[in-house]
1. Can you say whether residue 108 is at pLDDT below 90, farther than 18 Å from residue 48 by Cα and either part of a helix (DSSP H, G or I) or within 15 Å of the chain's Cα centre (by Cα) (or both), as far as the supplied structure shows?
2. Take the conditions surrounded by fewer than 24 Cβ atoms within 10 Å (Cβ to Cβ) and under 16 Å from residue 48 (Cα atoms) and apply them to residue 153. Does it pass?
3. Can you pull out the helices (runs of 4 or more DSSP H) entirely within the range 1-100 that have at least 1 residues that are modelled with pLDDT of 85 or more?
4. Hey, can you tell me all the residues within the range 104-118 that are surrounded by 24 or more Cβ atoms within 10 Å (Cβ to Cβ) and either out of contact with any helix residue (DSSP H, G or I) (no Cβ under 9 Å at 6 or more places or on another chain) or more than 18 Å from residue 142 (Cβ to Cβ) (or both)?
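The values are calculated or read from the model by the stated rules, or taken from the named source; none is laboratory data. Keep in mind it's a predicted model, so treat the numbers as computed, not measured. As a convention, Cβ positions derive from the backbone with ideal geometry for all residues, glycine included, and neighbour counts pool all protein chains shown.
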């Protein structure tokens with residue numbers, strides 16, 4: 001089981017948020033399992049970090065996460081966006097939304113769906129909770145949430 005043992009862990013910020021959500025004490029954070037983030041969610045966060053680095057940006061934002069999600073070839077988020085007809089090849093207008101805030105919103109979306117994990121679909125829904133991101137993508141949060149549920153149940157078109 002992967003744990004946070006090193007300050008250079010690429011998912012440290014997300015892991016610290018997960019630690020906070022789980023009620024872990026400050027001294028327990030370094031040994032917190034990353035089980036709540038799916039492999040694809042971790043990959044999306046890693047791709048977001050790479051995007052920020054490539055663009056020489058000082059911080060990783062929700063915009064970078066959206067680019068990271070767009071680079072994934074599979075997963076519930078990408079399947080949902082494709083089924084909604086989103087053009088992922090054009091770069092959306094920068095919103096500057098804070099990534100930590102989006103990850104917190106993703107956690108809430110996962111809890112609302114009664115999921116014990118945070119997947120790409122929750123990251124996508126967290127992004128869309130921010131009106132600027134939803135407007136930049138041209139999608140509606142409620143419609144996307146309904147489509148996520150369809151994709152999860154194998155009923156997407």
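1. Taking the combined requirement at face value, the residue satisfies it.
2. Considered against the rule, which asks whether it is surrounded by fewer than 24 Cβ atoms within 10 Å (Cβ to Cβ) and under 16 Å from residue 48 (Cα atoms), residue 153 comes out as no.
3. 39-54, 62-71, 76-83
4. 118
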